[in-house]
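Below is one structure, written out as structure tokens; the observations come after it.
The numbers here are math on the coordinates, done by the rules we state, and not lab data. Computed from a predicted model, the values in this text were never measured in an experiment. So basically every Cβ, Gly included, is an ideal-geometry build from the backbone, and we count neighbours across all protein chains shown.
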Amino acid sequence: MWNLSFTPPQVIEARVLTRLPDSFRKKRRTEWCDANKPGHEIDSFLEGPSFDRAGNLCVTDIPFGRIFRISPALEWTLVAEYDGWPNGIAIHRDGSLWIADYRRGLLRHSREGGTPEAILGHRNSESFKGLNDLTFDRDGNCYFTDQGQTGMHDPSGRVYRLRTTGQLDLLIAGIPSPNGIALDTLGKVLFVAVTRANQVWRGPLLSDGSVTKVGAFRTFFGTSGPDGMAVDVDDRLVVAHASLGGAFVLDARGEVTHFVKSPAGSTVTNVAYRPGTSTLVMTESETGTILEVQMPAAGMPL
């Protein structure tokens, strides 16, 4: 059952906006590929779309430790290449780029460029399993997921919050593959994409900052599951699904109202709204493609 009106979701067709230029593609094996795409050679795996204040779209290329900037004119620039596996990224209020890096923890890349520097590489001297995605609240606190290779066989993933004071809070533990993370428009509810359980979890945030009564908001199906997420001004949640060829739009009750269909591959890994508009971009990682679509409402201001 998709929704209480017992009607199928409205299908919205996305279009190809741009693709990783051939000059940046060289198909080969990597350690990341061997662990996550065994038996395959790949030329890229795009993730983490995020817009900067100049309207440029930034994306990561996980297996090759690269961060690209795509101008409004669709010109691709390599802005960082380093020994890491960058996944989710988000623009900090100071203009720097914060990176959830699977190998190195939480990193920062300054507006001036250079090599990303560590913000947080471990918790109480224990390494993270492998960070995946992050988001900021209106006060500048950073929420991020520690996914690693967790799943139904090993439900030990975690969600953390790094406060602006430097205090690190463990908010949720025991998660089978925490991936994308988002807050509602009021900053009162935390959503976590739980990939291997094929669910989106919902947890109200109390006034003291703790999370309570975490539950399954929506359950999907497929060989993979929910990935990156974004919220619009009407509190709809857009959920990229990494094996079903698109993104699902959920209303405040968890009903599926729309499905955004990919015209390229089926591995839609993440989504982001162009600031101040109803234009959504999606990373299709199988083909190294950026998709674009007009949505029912504008994205939530970040």
Residues being assigned to a loop (DSSP other than H, G, I, E, B), touching a residue at least 60 places away in the same chain (Cβ under 8 Å) and crowded, with 16+ Cβ neighbours inside 10 Å: count how many of those fall in the stretch 46-60.
-> 0
Any chance you could count how many residues in the stretch 248-302 are surrounded by 17 or more Cβ atoms within 10 Å (Cβ to Cβ), charged (D, E, K, R) and either without any contact (Cβ under 8 Å) to a residue 24 or more places away in the chain or not in a loop (DSSP other than H, G, I, E, B) (or both)?
-> 2
Sort through ALA252, ALA247, ALA297 and tell me the only one that's under 14 Å from the mean Cα position of the chain (by Cα) and under 24 Å from PHE136 (Cβ atoms).
-> ALA247
What is the number of the single condition among (1) surrounded by 13 or more Cβ atoms within 10 Å (Cβ to Cβ); (2) in contact with a strand residue (DSSP E or B) (Cβ under 8 Å, 6 or more places away or on another chain); (3) more than 13 Å from GLU284 (Cα to Cα) that TRP32 does not meet?
-> (2)
Complete set of residues in the stretch 1-45 that are in contact with a helix residue (DSSP H, G or I) (Cβ under 6 Å, 6 or more places away or on another chain), in a loop (DSSP other than H, G, I, E, B) and either β-branched (Val, Ile, Thr) or on the phi > 0 side of the Ramachandran plot (or both) = THR30
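Just give me the residues in the stretch 82-115 being closer than 24 Å to GLN149 by Cα and not hydrophobic (A, V, I, L, M, F, W, C), in sequence order.
Going residue by residue through the stretch 82-115, those that are closer than 24 Å to GLN149 by Cα are 82-90, 98-108.
Hits for the stretch 82-115 are TYR82, ASP83, GLY84, PRO86, ASN87, GLY88, ASP101, TYR102, ARG103, ARG104, GLY105, ARG108.
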For the stretch 196-244, name all the residues that are surrounded by fewer than 20 Cβ atoms within 10 Å (Cβ to Cβ) and of a type in the set (Gly, Ala, Ser).
-> GLY203, SER207, GLY209, SER210, GLY215, ALA216, GLY222, SER224, SER243
